[in-house]
Amino acid sequence: MRLIDADEAIYIATNHLINPYEIISFRAVIDKTPTIGIENLNRCYDNDFNSSKTQIVKIKLDTHAIKPTRAYITDAGLDLYSPVRRWVFAGDSALFDTGVHIELPYIYINGVQYPTTGFVKSKSGLNVNHDLVTEGVIDLGYTGSIKVKLHNLGKTDYLVNQGDKIAQLVILPVLTPDIRLVNSLPETARGDKGFGSSGR
């Protein structure tokens with residue numbers, strides 16, 4: 001059995017020698033065991049994900065929409081682009097209709113099907129450098145255009161040009177448990193303590 005380190009394992013995934021969506025699966029094993037065998041990697045690949053299910057996100061674009069992209073294959077988010085030129089004034093917000101329609105996939109973990117949800121998140125560069133933030137959730141089944149509302153928390157107006165990145169779409173599996181009403185909840189060490197109760 002040939003031993004490989006974490007860097008080589010990541011290389012295997014990012015060069016499509018296995019499905020890159022399985023990075024999460026074997027990265028956990030790598031973190032626990034710095035050097036693992038290729039047989040163990042394959043076993044993790046076979047057991048943790050249904051390898052016959054290729055993960056695909058279907059996207060439809062309106063006339064002036066720009067296709068979402070990843071700058072690097074291992075990036076968590078798909079970059080969303082503005083199809084228009086628009087100011088986001090200081091202390092105000094602006095709404096951008098990206099014209100991107102998405103069909104979120106189901107994924108298979110340990111042979112079990114899970115729905116996914118799209119989280120619209122701020123771009124770190126816009127957040128850190130220009131005080132522009134956004135947040136949103138796209139439910140599985142929604143196929144309308146993705147809209148991004150940028151909030152300018154700073155004191156300087158910001159001009160978004162056509163083709164600029166304005167947000168990123170992160171797709172994650174979610175749990176959708178049934179709700180059961182109860183009269184009480186189990187006691188915990190924290191209980192109802194919140195709002196800074198754990199200290200600075």
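The values are calculated or read from the model by the stated rules, or taken from the named source; none is laboratory data. Remember, predicted model here, so these are calculated numbers, not experimental data. So basically every Cβ, Gly included, is an ideal-geometry build from the backbone, and we count neighbours across all protein chains shown.
What the table shows:
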read-out	value
Residue count for region 156-200, restricted to those that are part of a loop (DSSP other than H, G, I, E, B) and within 23 Å of residue 117 (Cα to Cα)	7
Hits in region 144-155 (condition: farther than 15 Å from residue 100 by Cα, not in a loop (DSSP other than H, G, I, E, B) and not polar (S, T, N, Q))	150, 151
Residue in region 66-80 that is surrounded by fewer than 12 Cβ atoms within 10 Å (Cβ to Cβ), assigned by TED's automatic domain parsing to the domain that holds residue 167 and modelled with pLDDT of 95 or more present	yes
Residue match in region 149-167 (condition: within 15 Å of residue 59 (Cα to Cα), modelled with pLDDT of 95 or more and surrounded by 18 or more Cβ atoms within 10 Å (Cβ to Cβ))	no
Residue within region 104-117 that is among the aliphatic types (A, V, I, L, M), more than 16 Å from residue 146 (Cα to Cα) and in contact with a Leu (Cβ under 6 Å, 6 or more places away or on another chain) present	no
Selection status of residue 134, within 30 Å of residue 177 (Cα to Cα) and over 16 Å from the mean Cα position of the chain (by Cα)	no
Criterion (touching a residue at least 40 places away in the same chain (Cβ under 8 Å) and among the β-branched types (Val, Ile, Thr)) met by exactly one of 133, 120	120
Failed criterion for residue 178 (all others in (1) touching a residue at least 12 places away in the same chain (Cβ under 8 Å); (2) more than 14 Å from the chain's Cα centre (by Cα); (3) more than 18 Å from residue 61 (Cα to Cα) hold)	(1)
Top-ranked residue of region 121-143 - restricted to ones that are of a type outside the set (Gly, Ala, Ser) and part of a loop (DSSP other than H, G, I, E, B), ranked as nearest to residue 95 (Cα to Cα)	134
Filter pass, residue 141 being in the same structural domain as residue 92 (by TED's automatic domain parsing), modelled with pLDDT under 95 and under 29 Å from residue 63 (Cα atoms)	yes
